[in-house]
Every structure is written in C-alpha cells, then in structure tokens.
Amino acid sequence: MDNITRTQRVLRYRENDKVYDRIKRGMPYYEVEIIETVGKPSENLVIRGECISACAYLKEQGIKVDLVYIDPPFASGADYAKKVYLRRNPKLAEKVAAAEQQMDIEELKAFEEKMYGDIWQKEDYLNWMYENLLAIKSIMSETASIYVHLDTKIGHYVKILLDEIFGEDKFINEIIWHYEDKFATGGKRLDKNHDTIFLYSNDEDYIFNPIIIPKDETTKRALRKKVDGKTVEVRDENGNKIIVEYSEKKADDVWDLGRTISKNDLRDYATQKPEPLLERIITASSNEYRDEEKTEKMIVADFFGGSGVAAMVANRLGRNFIHVDIGINSIQTVRDTLIASKAEFQVLEIKDGVSLFRNPQQTMDKLATIIPGLQRNVSGISNFWFGVVTEAKLGTVPVYVPNLLNTQEKVLDIPTINTIINQELQNLEVNAKKVIVYYIDIDDPKAVEKFIKENNATEIEVELKDLKNLLHEIVIEDIVEFNTTKTKEGYETEITKFISDRLIQKINEFNQKGNLQSLTKGKKFEPISISEEGLELIELISLDCENSEGQWHSSTEVKIDKLGYVIKDGTKTKEFWDGKITSDKKPKRIKIRNISGDEMIKVVE
Ligand SMILES: C[S@@+](CC[C@H](N)C(=O)[O-])C[C@H]1O[C@@H](n2cnc3c(N)ncnc32)[C@H](O)[C@@H]1O
C-alpha cells in the first residue's frame, strides 16, 4: 500500500514521480429498472448490481439504512462454484416415479458453474474495498452500525481502512465467530476455526441491545447492584445475601456458533452464512421501528447479499431489508426464498451498460471466447494483458480487457493509459505494432487520446475499443416452445420443447472433462445426456397474466426443485412436474429460468 495515498473520495496514484487522481468520480449513478414487484409495493428491495452503484441509487432516492452487514468476497483465492442440478424429465415421469423411493440427491446429475471469482491482488482488493466502504457510509443513518465480515487473511488490512473511513473512535468490537463444526484441516499449524467481524458505528449515538444467550451450566451467585458507581451485594431484611440462579448471560465478543446449515435451509450458495449469526447481529444493532409511534421500520442492508440470509432474517424479525448482489444466482435465490416466506419486495436492476453473462466471473470467461481469434497465456505477454490476437498485416496484437470484477478498472482513465504506454508497451517481449485496449467507460475520451498522442514513446499503435459492443453479443437467449389451451377451470400452458445452447455447451464441456478423467484416472464416469424435449433443463416457469411488457408480475409460477418436486407459488408440494402450468386468466407472457439461472421472457401470441 506504499504508493497509495488517500483523501476523502479521491484516491491518488503515484507513478513515475507524478501523482494522478485515480478516483474522482465518486459513486457512478446509473439508471435503475424495476424488474418485478412481489406483493404490495414496499420498501424492501432486492437489487441486482454492484454495491457502489446500489449505494448511489439509494443516495439519490434519499434512502438511509439503519444497519449494514457485509460479507464481501474475501480475497481468499477461491473460485466459488454453484452446483447445477438437472431436473427430472417430465416425459419420463412414470418410469422415474417407480424408482422414487430410492432416488436420492447424490444420484442427480450435477455439474458446476462459476459463481464469482475471489482471486485478487491484495492492493487491488483494498482499493476496491475502500471505494465500497465509502459508498456504504454515505447512506448509513446517524445511528447506524456496520458489521464487516472478514477472514484471518485480509481482516487486519481492512481494519485499517475501516479506521480511516469511520474513525478509530467509532470502532466498537472485533467479533470472533468461532465454529468448531469444521473439518480439521491439519498441517503444521493450529486449525483455523474462526472468522473476524468488525463492528463500527457511524456516529456516537448508535443502537445496541445486549445479546442474551443461555449459559452452558446454571450458576448461583449473590445478587449485586451498583450504588454510587460501586458494585455492592444486595441483602434481605435480615442482612443475608440474596442468592440467585443464573441460566443466561450477556454474549461477549467471541461467538460460538456452528456453521453447519440444516439441509432444509441450505440454498446451494457456496458461502451461505447460518441464520443464528445474522439473528444476533440484527437484534443487537437494530430495532423493529425507528420511531416510538411505530410508523417507520428500520432497514437492514447487505450489499454483498449472496444467498440472502440477512434479508431473510431481517424480514422474519420485522425489519425492512435491502439485498444487493452482482450475481444473478444470488438475486434468484433470495427472490425465491423470500416468496416462499411470503415477503413483499421489489426486484430492481442497475443498468450500468454492462450486460453481464450471469456474473462478472462468467462474463470474463465468456469474453475470452468471443473476442475473435483471442489466445490466452501467450509467452512474452504479461498477465496485464488478457491475451493476444493475430492480425494478417500486424502480427501479434496484445489485448487489454478491464477486469469486470474490479470496479476501478471499468473506467479507462489516464493512470491506466499511463501504465499501458509507459510500462506495459515497453516491457513487451513480443514485437508488436499495435495493441487493443478495450474499455467500458472512458473518464474523458479526448484527454485520454491526447495523453496517448503526447506520451507514447513507442512505435506501437494503441487502439481503443468499446467492450460494451462485445458484451451485447454475449447473451444468447434460450428457445422455448409451448401451447396454451383453455380448460374448464382456466388455462393450461404446456411446455413442449426447451433448447439452451449455453447449457448444452456447458454439459458437453462437463462430459468431455469427465471422459478424459475416466480415461486418465480410470474413474467411472457416466456422461449427462439431455432428452429431445430438454425439459430437464428448466428450473422455473412463471406466467404474467396482467402485462405483456414492462415490469414482471408473476400471476402464478412453478419451480422445480432439485429432486423434481414442484414448488407452486412458493409452497412446496410432493408432486413431480408434468411439463404444464395452469392459470386462472390467459397468460400474456411466459418467463423461463434454466437450471443455470438464465432467464428468458416470451410474449404469448
Ligand atoms: C461471501 S458472498 C456473501 C454470502 C452471504 N453472506 C450469504 O450468507 O449467502 C459474497 C457475495 O458478494 C457478491 N459480490 C461480489 N462483488 C460484488 C459487488 N461489487 N457488488 C455486489 N455484490 C458483489 C458475490 O456475488 C457474492 O454473492
């Protein structure tokens, strides 16, 4: 962190003895679209977008939050994956139904999808966290607190940022969340069985309700009270001490809470935290209402919401909630779980011009496949470059693509261009005549062009290209065929065919990998095969019988769980899906979500 100095909102970057303003943009504000309203319009929000953009939106709307819990990616070096389960094929329902008793979850065919990457350089990570924390602070109410959930590797570095942003005097606690129910990792050190959660307040006057927990064993002790600041024992009229039994105590800053999540609550989200942890946080640092008249509910916000545990617990404890996450799987998981618990909320999407393919990580992977002729990991080309393309007249052309996981890289600014022309071009070990620099936004296009002209000491041409044009091509829709017929009770829509090229490609890759492993390691592998109708690739069907455009209104929906059972409008049933969905009114639109989370909407003719 040596070459970075910070001031409020402006991060300066020192390079070649010059100091550049790295971030003066503050929080970028983008258009926000309401995707869906579930139940009556309420203050509860599920927002798909980046933490910073969501904060900008809330600020613009004048919304302040009363408690923040964040569990951001940890810089843990992990690539988290989501297991994707093929559903039962409804056309084979009878055959499978006969074997229903034996069917267990392990037999379902699962393959994995990358959910979000967590591989960072420490410095990049801290810069990114700094920006996020500043944005969050700007929408915290005066009495709000923030819990920042980290691990032992990065926690201490982030603590320094927190001290800087909130002030050392606003530091309240370092909570050690200790869990013994983790497999012993062994090795030449003690087992790592805790996470660190830092608690800061926004101002002196913050909410704090002591957490009362049961004692392991009841104890007897003389009753005491405070008199003139001194603790004294209370005595009865005969002068005897009063002995009381204590079965409860106030929790301290070490929380022994298991991290195992019961099968029923498990949401297939790699980093899902247990509800009791959030229960403690929310009860300790928020109340149900802001005012005595009980007109305004307190808002609990999680800007890296994941599976939505904070939103679920906040809702159960009568608080309002704001759930933000960049990944589509998170938004779908929390939406479906909230519907099952009959919550009312709106789903919003931040339109920042970047059409993501499910999440930033998968978009980066996909980009590598759609830049024509791109080769990755070429020798003589540093990691700074995404790869190279080969052009007939020019030969090798290195390509730079901003890392979509890092907000700072989304804006091409002078410091980045400076790094490119004064460092990367000069260090190229290949003989290049041109480089391509993709950008999402440019800080000041004219200034950037001018800077290149005046400072590029090499003969290498720098071509700037808009990445958004490529990103638009990245999302290819699935194809669905269906018939809607009028019945005595209403309408019946039957799905006859579902084709998802994206999933088929994924499954092919999975099969190839499996086959290879079975050849090289002698492991038994049964490839996944998809039926002609492809209905086993469907996770959810929703009908909108109200509008044929605009915000989605789910008049009725069928979700097919991992075992093939139907969840109808949030209620679990013991029925297998038969390929149909019924509605009272004629559907105007149909929405289908595949098992990887891609959604498509089709208007019913
Ligand atoms: C450690 S997980 C959170 C898990 C969550 N506490 C739970 O219990 O399920 C971190 C989450 O942050 C999301 N994320 C990563 N970068 C983000 C960003 N810039 N803005 C918002 N969410 C982001 C990821 O998609 C991921 O779901």
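Residue-by-condition table, conditions (1) open to solvent by 30 Å² or more (accessible area, probe 1.4 Å); (2) at pLDDT 90 or above; (3) within 11 Å of the ligand (Cβ to nearest atom); (4) on the phi < 0 side of the Ramachandran plot:
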site: Y69; (1), (2), (3), (4): no, yes, yes, yes
site: S76; (1), (2), (3), (4): yes, no, yes, yes
site: A81; (1), (2), (3), (4): yes, no, no, yes
site: D104; (1), (2), (3), (4): yes, no, no, yes
site: N132; (1), (2), (3), (4): no, yes, yes, yes
site: S145; (1), (2), (3), (4): no, yes, no, yes
site: V148; (1), (2), (3), (4): no, yes, no, yes
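Which residue pairs have Cβ atoms under 9 Å apart, sit 6 or more places apart or on different chains, and have a first residue in region 44-61 that is free of Cβ contacts under 8 Å to residues at least 24 places away in the same chain and on the phi > 0 side of the Ramachandran plot and a second that is open to solvent by 10 Å² or more (accessible area, probe 1.4 Å) and assigned to a helix (DSSP H, G or I)?
From region 44-61, no pairs qualify.
Mind checking which pairs have a first residue in region 419-436 that is under 15 Å from L464 (Cβ atoms) and a second that is open to solvent by 10 Å² or more (accessible area, probe 1.4 Å) and basic (K, R), Cβ under 6 Å, 6 or more apart or different chains?
I436/K465
What residue, among those in region 367-382 that are of a type outside the set (S, T, Y) and in a helix (DSSP H, G or I), is least open to solvent (accessible area, probe 1.4 Å)?
The extreme case among them is L367.
State which residue is nearest to the ligand (Cβ to nearest atom) when the search covers only region 275-330 and only residues that are without any contact (Cβ under 8 Å) to a residue 24 or more places away in the chain and charged (D, E, K, R). I'd like the intermediate steps shown before the answer.
At the first step, the residues of region 275-330 found to be without any contact (Cβ under 8 Å) to a residue 24 or more places away in the chain are 276, 289, 291-296.
Within this subset, residues satisfying the condition of being charged (D, E, K, R) are 291-294, 296.
On the way: D291: 29, E292: 32, E293: 33, K294: 29, E296: 26 Å.
Top of the filtered list is E296.
Going by the structure shown, is D124 at pLDDT 80 or above, of a type in the set (D, E) and on the phi < 0 side of the Ramachandran plot?
Taking the combined requirement at face value, the residue does not satisfy it.
Tell me yes or no: at least one residue of region 106-122 is in contact with a Lys or Arg (Cβ under 7 Å, 6 or more places away or on another chain) and among the β-branched types (V, I, T).
No.
Here's a check for you: in region 211-240, which residue that is within 30 Å of D169 (Cβ to Cβ) and open to solvent by 70 Å² or more (accessible area, probe 1.4 Å) is nearest to the chain's Cα centre (by Cα)?
Selected residue: I212.
Any residue at all in region 27-34 that is modelled with pLDDT of 80 or more, within 16 Å of the ligand (Cβ to nearest atom) and surrounded by 14 or more Cβ atoms within 10 Å (Cβ to Cβ)?
Looking for residues that are modelled with pLDDT of 80 or more, within 16 Å of the ligand (Cβ to nearest atom) and surrounded by 14 or more Cβ atoms within 10 Å (Cβ to Cβ), one finds at least one in region 27-34, hence yes.
Across region 248-282, what is the total count of residues that are open to solvent by 60 Å² or more (accessible area, probe 1.4 Å), of a type outside the set (A, V, I, L, M, F, W, C) and closer than 29 Å to T143 by Cβ?
Qualifying residue count, region 248-282: 8.
For T416, indicate whether it is in contact with an Asp or Glu (Cβ under 8 Å, 6 or more places away or on another chain) and free of Cβ contacts under 8 Å to residues at least 40 places away in the same chain.
Yes; evaluated as a whole, the condition is true for this residue.
The values are calculated or read from the model by the stated rules, or taken from the named source; none is laboratory data. These numbers were taken from a predicted model, which means no experiment stands behind them. Quick reminder, even Gly has a Cβ in these numbers, built from the backbone with ideal geometry, and neighbours come from all protein chains shown. Just so you know, the surface numbers come from the protein's heavy atoms only, side chains and all, with ligands and any DNA or RNA stripped out. Shrake-Rupley method; radii C 1.70, N 1.55, O 1.52, S 1.80 Å.
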